[in-house]
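Asks: Input: one structure, supplied below.
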Amino acid sequence: MRIGVVTFPGSLDDRDAARAVRLAGGEAVALWHGDADLKKVDAVILPGGFSYGDYLRCGAISRFAPVMTEVAAAANGGLPVLGICNGFQILCESHLLPGALTRNEHMHFICRDQKLRIEDNTSAWTNSYDAGQEIVVPLKNGEGCFVADTAVLDELEGEGRVIARYLDVNPNGSLRDIAGIRNKRGNVVGLMPHPEHAVEELTGPTTDGLGFFTSILTSMVNA
């Protein structure tokens, strides 16, 4: 299974995401922001970082990158796409997911190991988990506060599209403790914490994040 990992100017977690794909058993394929070509991959990951320096607004410039035209079209056709941190911001800016990520409520960058609860395990990226399973993965962001109007929040909750929620402490003021969401179809997922940094005992607080990467392989095998 070929999983594309996009590198934008300012991406810094692309190599970690590619390594996570390989550890899960997939083939990581490097995609470049300036290329309008997805190289026939089976899924795409938009990694964390500070794409285009986060100028204007996080993800606001990246959504116009040539590769994003292809990603958006493919995602609307069913291609699985995972956006992590900055990737989540890009998905919202691209209108592939609703809502927005704004400055943390306390106005400080935060880096910590964060407990989450997997709320929905029906998506292409979360099917390896049990619903209600608690996991710990790193979190690092300055603009991670998920916001949306009440109607959108109610729709996300009513349709079971909140895929993960913060536990113990809400690190950034996200409404309803939301850490990640999915689209209606379940192929596009955005997550603020970093599962790609929790895939090996040597370097991560846990290996809980590996499930996001095995999920997509399982999803494709069963398709």
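The values are calculated or read from the model by the stated rules, or taken from the named source; none is laboratory data. Predicted model, so just to flag it, every value in this text is computed and none were measured. All Cβ positions, glycine included, derive from the backbone under ideal geometry; neighbour counts span all protein chains shown. Areas reflect the complete protein model, heavy atoms only, side chains present, ligands, DNA and RNA absent. Shrake-Rupley method; radii C 1.70, N 1.55, O 1.52, S 1.80 Å.
Asks: Looking at this structure, is residue 62 crowded, with 24+ Cβ neighbours inside 10 Å and farther than 16 Å from residue 192 by Cα?
Replies: Answer is yes for this residue.
Asks: Out of 139, 167, which single residue is touching a His at 6+ places or on another chain (Cβ under 8 Å), over 17 Å from residue 92 (Cα atoms) and at pLDDT 95 or above?
Replies: That would be 139, the only listed residue that is touching a His at 6+ places or on another chain (Cβ under 8 Å), over 17 Å from residue 92 (Cα atoms) and at pLDDT 95 or above.
Asks: Assess whether residue 148 counts as being at pLDDT below 95 and open to solvent by 10 Å² or more (accessible area, probe 1.4 Å).
Replies: no
Residue-wise test of (1) free of Cβ contacts under 8 Å to residues at least 12 places away in the same chain; (2) within 17 Å of the chain's Cα centre (by Cα).
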site	(1), (2)
141	no, yes
152	no, no
173	no, no
177	no, yes
182	no, yes
186	no, yes
199	no, yes
216	no, yes
222	yes, no
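Asks: Just the residues that are among the hydroxyl-bearing types (Ser, Thr, Tyr), more than 24 Å from residue 158 (Cβ to Cβ) and touching a strand residue (DSSP E or B) at 6+ places or on another chain (Cβ under 8 Å), please, taken from the range 172-223.
Replies: 206
Asks: Pull up the range 52-71, narrow it to residues that are closer than 26 Å to residue 104 by Cα and of a type in the set (Ser, Thr, Tyr), then point me to the one that is nearest to the chain's Cα centre (by Cα).
Replies: Only one residue tops the list, namely 62.
Asks: Hey, another quick one. Open to solvent by less than 50 Å² (accessible area, probe 1.4 Å) and part of a helix (DSSP H, G or I): which single residue out of 214, 206 fits that description?
Replies: Among 214, 206, only 214 is open to solvent by less than 50 Å² (accessible area, probe 1.4 Å) and part of a helix (DSSP H, G or I).
Asks: Test residue 79 against the stated conditions and say whether it is more than 13 Å from the chain's Cα centre (by Cα), open to solvent by 50 Å² or more (accessible area, probe 1.4 Å) and farther than 16 Å from residue 192 by Cβ.
Replies: Here the answer is no, as residue 79 does not meet what is asked.
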